[in-house]
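Below: the structure, in structure tokens.
Only the coordinates and a few stated rules stand behind these numbers; no lab work does. Values in this document were obtained by computation on a predicted structure and should not be read as measured data. Every residue, glycine as well, gets a Cβ built from its backbone with ideal geometry; the counts of neighbours run over all protein chains shown.
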Amino acid sequence: METILRPLIVVGGSVLLTVVIGWATDLLLRKADGRHPETPLWGLLRRARVPYQIVLCSGLLRGSYVEAGVFPEHRTGVGRTLTLLLIGSVAWLVVRIAAAVVETSYSRYAHAHAERDPARVRRVRTQVSLIMRVVTAVVGVVAVSSMLLTFPAMRAAGASLLASAGIIGIVAGVAAQSTLGNLFAGFQIAFGDMVRMGDTVVVDGEWGTVEEITLTYLSVRTWDERRITMPVSYFTSKPFENWSRGTPQMTGTVFWHLDHSAPMDLMRERLRDILRECPAWDGRNYNLTVTDTTPTTMEVRALVTAKDADDIWTVRVTVREGMLRWLADEHPYALPRVNTADAALRPPRAGLPHARHAPDPAAGRSSDGDARRFPGRPAKSL
């Protein structure tokens with residue numbers, strides 16, 4: 001009877017104690033979150049309740065399973081399994097706690113500086129994201145190493161591996177040269193403030209917003225919701241446009257090809273009215289000038305301003321559409337036209353009779369020429 005009750009008491013007690021402690025801890029975190037709504041720390045710590053309970057349960061079982069007498073013939077295997085579970089859950093818990101602390105610190109900083117310096121907030125966000133990835137990688141490597149060292153064979157091989165670490169490091173460095181280059185480029189981007197999450201960039205002719213930055217690649221979300229994934233080394237070795245660098249304010253252009261008789265003064269007044277009705281215009285500046293001419297049309301350019309890249313696109317399309325509609329309704333003569341007037345005849349040269357009408361280009365065409373142009377048609381008779 002004792003052989004049955006002891007395992008049930010030890011295992012059941014461990015599980016019950018884990019549930020009770022986990023429930024009590026979660027209750028305290030919920031109360032703390034309700035009392036301090038200004039900080040998200042307590043709510044973020046609640047995300048760690050699953051690894052926290054696994055750590056409690058595996059730790060209790062690891063310390064008491066010998067007394068329980070469960071599977072005595074497999075004592076070594078059960079003990080090593082519980083040890084591996086404990087190491088993995090501790091690593092998981094450390095990552096969750098670190099993420100909660102870092103996210104809370106970033107939230108406070110962003111709330112305090114979002115309006116005064118949004119560019120600095122994006123830079124800090126990029127750095128925080130990469131730091132968390134580094135912390136996760138380091139904790140994962142330490143956890144895996146600790147798991148491997150629980151096996152006697154791995155501990156014996158550790159000395160020989162340490163002796164050959166120099167040669168292995170050289171070979172691995174040569175083999176993973178591009179990967180290491182991207183890794184160091186990721187640190188350079190994070191702490192060199194070259195590009196940040198949320199920046200508007202133009203890469204290989206594609207306009208988009210930086211959505212994700214890791215230690216090896218960078219993801220750009222284009223205006224049509226496509227994702228362009230590029231190695232971070234691209235941004236440290238090739239030029240690219242960063243429209244969010246410095247101030248996000250932008251100046252855009254709108255072009256029209258109009259007739260020479262277009263009413264420029266009225267167009268300037270209409271441009272002012274269109275911009276006043278456009279919420280995306282920031283009110284800083286606008287202008288309308290003729291920038292080029294051709295024998296049949298002239299090129300008219302409008303300069304408009306907006307607070308960022310998204311709004312400048314909205315202003316440009318609004319101005320272009322509104323001006324064209326107004327010209328078509330009020331001044332249709334200003335739109336480009338195709339000249340269909342008869343061509344003026346060239347005056348006859350001296351000594352030649354006056355031509356009564358324009359010569360027919362086909363009149364002097366020979367039958368041989370017709371035969372050559374249309375081999376399947378018989379030549380015309382003169």
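The table below lists the values:
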read-out	value
Full-extension gain in nm, residue 303 to residue 255, via 0.36 nm per residue minus C-alpha separation	16.4 nm
Length gained when the stretch residue 144-residue 290 is fully extended (0.36 nm per residue, less Cα-Cα span)	45.7 nm
Computed FRET value (nearest 0.05) for residue 136 with residue 221, which takes r as the C-beta separation and R₀ as 25 Å	0.60
Normalised contact order of segment 277-321, rounded percent, pairs of Cα under 8 Å and 6 or more residues apart	40
Label-point separation, residue 313 to residue 31 (7 Å along Cα→Cβ), nm	5.1
Extended-chain gain in nm, criterion 0.36 nm per residue less alpha-carbon gap, residue 112 and residue 76	7.5 nm
